[in-house]
């Protein structure tokens, strides 16, 4: 008599076609041109990047496009010490919230080209782009951020974004 | 509001990394049967079933209430399935309670579960959706920067998280259902465990568990025949805010503060730390305890960590937090919120066994989900009003 | 029970494939319209509940990003069911019954075109014994249709007539996807798709969104000239084991109808959520609808079927006709699960 069956493996495969949506399409096309495009809410006037076509706070459509600098300030961060399937970067590395100049919400990205223990709140950083010939309509054009040779931003300048 | 609602039965499974001894149906039935036994009721006496769990990708079963209708005795009855991310266990209990409070049903069975070993929770939580930014750091990587921001804002000592983990892991030794059990747990053991996302260490993190929790909620009339003391639902509240918007405070979210304020108002509570005897709150990473102490109004802003430091949140303290061992000890994601609500009920029924808080009469159950944006809470008491 | 009424309803035009807008962009104008039409300021709406399905959206926590369409600030009291929006409406109705709140916004959204609905719905089945057999939703429905035809109670012609009537009615529905004049005889000449179902016996794949606002008593009277009162609402589920059920009948629909008070009184119309033509026949029988009741004046699910949306849309379409003064009493139905496993019935009435 064989052992009772206690489990089965049933691989599942589903295919989906995703739509970027209008706002993301604008943003990703901007990416393919080496530009960071945000959108400004007509009511609260805040700039969202990446834009989502709506202001989550006001619940209205956003249309006004704003070009955002690739420079920004680290508002907060963590040091990741465990490897991730999706990433080729070897831990430990810094994953940070970066407030790009001109934007009103932080952007999540990795900080590289810098000893991870030097990453700090208020640090000034800049986007590092992939080589131009590799640009596609994707977030991946910005590989990571690296330190800028600028004095740290004062805590008060970004504390409301914490 | 509405008709009084009582918790007359509580059941939960032994939580574990992989419950290979039961199917999904077997898992939920284990919890549900225990709740019914506790309530002294049979399956037929239940009027409606409310099921809750987190994303279906955790098991690979779409809308599992359909598959589980038979296992949960729901054939011929109304059945709902709630999904509000991590707070779902709590919201599910609230939806179930509202059925009684609305006078729609007399006896409602509510079950929350996760059998995440059947799929891949890590994959499900970080699956890369095209056109959206890839989540590179996992759930811990999302919350760790917020914790760092809390430490900066409050000036809390760096080992506060270790103290929370130590307390919860010691409490877990008194809970026979706990997944993670470390009989010799010590401060050093936690401090020396691998750092995952600075400042969160391995032993300061919740596990991934298979588990289920169930409760039987009834009207006051049906509660009179209950074999054990009921817990009375004194207030419930749910609040949500957007994931990300300019100026959002993710460390001390407004939705959490508003939810607690509404809850206390409904329960007639003006000094929560003094009036509540125990709190079961959703702490998946150690540092959430001090953060939630402030968010819940138990401590002034920036001082939540002092409650941990002073031992106020320990079993013998003036505001025991997570005497069950909390989410740090067992984390079947869809059930974790309901476990908090259920443990709060066990406390005021005097049925929490070794982790009973002496004389607990009023308890808080709390759950949160998403990017600290969905909150569900309830207050249960030994008295109806 | 407290008097609760639907006071507004809005929907997106159903489309085979929305390539331009994502879910939030489809949903936002629909939510805004429903709120505007309700006459209740957004910040005064007491509760928000939505219905959607992660596997339809191809991502976990799909409802979370949808919240952006609502503008949840200051924080709102909000919930979600991983079910058709009709069940979200039920949750909202219950909340109003507790007396805690006086109004609620209910919405649902789904872009069924993103994946393969039949394959996605296969995953609704028992993961150990049924799903691995690879049965898709259309084949299951075909099995049910075969049983129904073999029972001798209905013919393929009856099914074709349901389709023809639905398409014809949909001509006056600007939001429907499949509309036009088709002759049953022509339909019957079409080849089988999954015998005995022909392609037209199956609902189309649709992208869409629906929203409505409900309000209690005096508030409903204040904001709507002709509120669509929910006189009764109930839902019941059957066994998941297809072998245990008589698939040619719908006892859960009959029971829900009885509990919702749909057994007595006349209906001007009935909006039935039947994703397959033969299922409409089963539902009508279970509901015991009198001759002369207009079935699916909107065209029903055969004209547009955004998963997780179509059920709430049936309730909205029925309510709209009462709000507009076209009808006095309507029945609305929603279904979930394989072969009509779970059913919700709602009785709506004007003043």
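The values are calculated or read from the model by the stated rules, or taken from the named source; none is laboratory data. Values in this document were obtained by computation on a predicted structure and should not be read as measured data. Counting neighbours? That spans all protein chains shown, and the Cβs are built from the backbone with ideal geometry, glycine included.
Things worth noting here:
- Segment C:332-348: number of residues that are surrounded by fewer than 24 Cβ atoms within 10 Å (Cβ to Cβ) and closer than 16 Å to residue C:295 by Cα: 1
- Residue list for segment C:93-105, restricted to those being facing another protein chain (nearest Cβ under 10 Å) and on the phi < 0 side of the Ramachandran plot: C:93, C:94, C:95, C:96, C:97, C:98, C:100, C:101
- Meets criteria (crowded, with 20+ Cβ neighbours inside 10 Å, part of a helix (DSSP H, G or I) and either touching a residue at least 24 places away in the same chain (Cβ under 8 Å) or out of contact with any helix residue (DSSP H, G or I) (no Cβ under 6 Å at 6 or more places or on another chain) (or both)) for residue C:205: no
- Count of residues meeting criterion [within 14 Å of chain B (Cβ to nearest Cβ), touching a helix residue (DSSP H, G or I) at 6+ places or on another chain (Cβ under 7 Å) and in contact (Cβ under 8 Å) with a residue 24 or more places away in the chain] in segment C:119-147: 7
- Every test in (1) more than 14 Å from chain C (Cβ to nearest Cβ); (2) more than 22 Å from residue C:32 (Cα to Cα); (3) without any contact (Cβ under 8 Å) to a residue 40 or more places away in the chain; (4) surrounded by fewer than 17 Cβ atoms within 10 Å (Cβ to Cβ) is passed by residue A:95 save one, and that test is (4).
The rows are residues; the columns are (1) crowded, with 24+ Cβ neighbours inside 10 Å; (2) more than 7 Å from chain C (Cβ to nearest Cβ).
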site: B:8; (1), (2): yes, yes
site: B:33; (1), (2): no, yes
site: B:40; (1), (2): no, yes
site: B:63; (1), (2): yes, no
site: B:67; (1), (2): yes, no
site: B:78; (1), (2): yes, no
site: B:84; (1), (2): yes, no
site: B:93; (1), (2): yes, yes
site: B:110; (1), (2): yes, yes
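- Residue among A:137, A:103 that is away from chain C (no Cβ under 14 Å), over 26 Å from residue B:144 (Cβ atoms) and part of a loop (DSSP other than H, G, I, E, B): A:137
- Only a single item in (1) within 30 Å of residue C:30 (Cα to Cα); (2) away from chain C (no Cβ under 14 Å); (3) at pLDDT below 95 is not met by residue A:83, and it is number (1).
- Candidate set: segment B:43-56, residues that are buried (at least 24 other Cβ atoms within 10 Å of the Cβ) and at the interface with chain C (Cβ under 9 Å from one of its Cβ atoms); chosen: the one nearest to residue C:86 (Cα to Cα): B:49
- For segment B:125-155, taking the residues that are under 24 Å from residue A:29 (Cα atoms) and in contact with a strand residue (DSSP E or B) (Cβ under 9 Å, 6 or more places away or on another chain), the one that is farthest from the other protein chains (Cβ to nearest Cβ) is identified as B:135.
- Residue match in segment C:52-63 (condition: within 30 Å of residue C:225 (Cβ to Cβ), away from chain A (no Cβ under 13 Å), touching a residue at least 60 places away in the same chain (Cβ under 8 Å) and touching a strand residue (DSSP E or B) at 6+ places or on another chain (Cβ under 9 Å)): no
- Scope segment A:63-85; condition closer than 20 Å to residue B:143 by Cβ and over 15 Å from the mean Cα position of the chain (by Cα); matching residues: A:79, A:80, A:81, A:82, A:83, A:84, A:85
- Screening segment A:4-37 for residues that are under 16 Å from residue C:69 (Cβ atoms) and out of contact with any strand residue (DSSP E or B) (no Cβ under 8 Å at 6 or more places or on another chain) and picking the one that is nearest to the other protein chains (Cβ to nearest Cβ) gives A:21.
- Tally, over segment A:38-66, of residues that are in contact with a strand residue (DSSP E or B) (Cβ under 6 Å, 6 or more places away or on another chain), outside any loop (DSSP other than H, G, I, E, B) and closer than 26 Å to residue A:141 by Cα: 9
- Segment C:71-89, subset touching a strand residue (DSSP E or B) at 6+ places or on another chain (Cβ under 6 Å) and assigned to a loop (DSSP other than H, G, I, E, B), residue farthest from the other protein chains (Cβ to nearest Cβ): C:84
- The combined condition, being touching a residue at least 24 places away in the same chain (Cβ under 8 Å) and within 21 Å of residue C:251 (Cβ to Cβ), is fulfilled by residue B:74.
- Looking only at segment C:313-351, and only at residues there that are within 14 Å of another protein chain (Cβ to nearest Cβ) and in contact with a strand residue (DSSP E or B) (Cβ under 6 Å, 6 or more places away or on another chain), the one that is farthest from residue C:9 (Cα to Cα): C:342
- Lone unmet requirement of (1) without any contact (Cβ under 8 Å) to a residue 60 or more places away in the chain; (2) more than 14 Å from residue C:270 (Cβ to Cβ) for residue C:327: (2)
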